[in-house]
1. Provide the net charge surrounding K51, with neighbours chosen by a C-beta distance below 13 Å and charges set as Lys +1, Arg +1, Asp -1, Glu -1.
2. Report the net charge of residues surrounding D149, where surrounding means a beta-carbon distance below 15 angstrom and charges are Lys +1, Arg +1, Asp -1, Glu -1.
3. Which aspartates and glutamates, on any chain, are close to K120 with Cα under 19 Å apart, when same-chain ones fewer than 8 places away are left out?
4. Among 141-148, 68-75, 14-21, how do they line up from the highest to the lowest mean number of other beta-carbon atoms within 10 Å?
5. For the chain, what is the calculated [θ] at 222 nm in deg cm²/dmol (nearest 500), taking -39500 (n - 2.57) for each run of four or more DSSP H residues and dividing by its residue count?
6. For every other residue with a beta carbon closer than 14 angstrom to the beta carbon of N67, add +1 if it is Lys or Arg and -1 if Asp or Glu, then tell me the sum.
7. Ranked by Cβ crowding within 10 angstrom, fewest neighbours first, how are T63, T45 ordered?
8. Taking the Cβ of each residue in M25, M122 as the centre, tally the other Cβ atoms inside 10 Å and list the residues starting with the fewest.
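Please treat every number below as a calculation from the coordinates, not as lab data. Please read all numbers here as calculations on a predicted model, not as lab measurements. Every residue, glycine among them, receives a Cβ derived from its backbone with ideal geometry; neighbour counts consider all protein chains shown.
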Amino acid sequence: MEEREREIREPELDQLDLEILRCLMNNSRESNIKIAEKLRVSEGTVRRRIKKMVDAKVIDRFTVALNPQKLGFKVHAKIGLDVDPSKFNKVTYLLKRLDEAYFVALATGKHDVLMDVFVKDMNALKEFLTDKLGPTLGVRNIDTSIVIDVKKQDVSFHLKI
């Protein structure tokens, strides 16, 4: 039972762990040596701390943040869907497989499912809404908002203890 409790508990992170995370969030390609130099600790300490956070699932993955606009995806839409409650899992299962979908989540509030999509242009958005979302069994209503000017976009959040 004690081992199971250890799995469930959230890992305890100290200030050094948070500083390492800040470095990685700023540049996930930064070497352990560079991080160690910045934080004035050994490379081995950084390596062990990162491994501990990966093993504990604090670090989900190392990735790159893309700029959809620069890749030709000029339209970012935020979509709220009203879905039959008995179809939540089926609808989200289908939606998360759509290439256009960047974010899909069940939610509370005005809509049952929230999603973000990136498409090339308004015609592609119309086709997405009418050909892919419209026919999805269980979707009762689609509420679409177009993002016209992003003021802040982070791929991570600010860490505080």
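1. Numbers: positive: R47, R48, R49, K52, K57; negative: D17, E43, D55.
Neighbour charge sum, excluding K51 itself: +2.
2. Numbers: positive: K74, K78, K151, K152; negative: none.
Charge balance near D149 sits at +4.
3. Here the aspartates and glutamates satisfying the reach criterion relative to K120 are D99, E100, D131, D149.
4. On the way: 141-148: 11.5, 68-75: 13.1, 14-21: 15.1.
Packing proxy ranking, top to bottom: 14-21, 68-75, 141-148.
5. Details: 6 runs with 54 residues, N = 161.
Helix-only estimate at 222 nm: -9500 deg cm²/dmol.
6. Values: positive: K70, K74; negative: D154.
In short, +1.
7. So the residues, fewest neighbours to most, are T63, T45.
8. Details: M25 15, M122 12.
Final ranking by Cβ density, sparse to dense: M122, M25.
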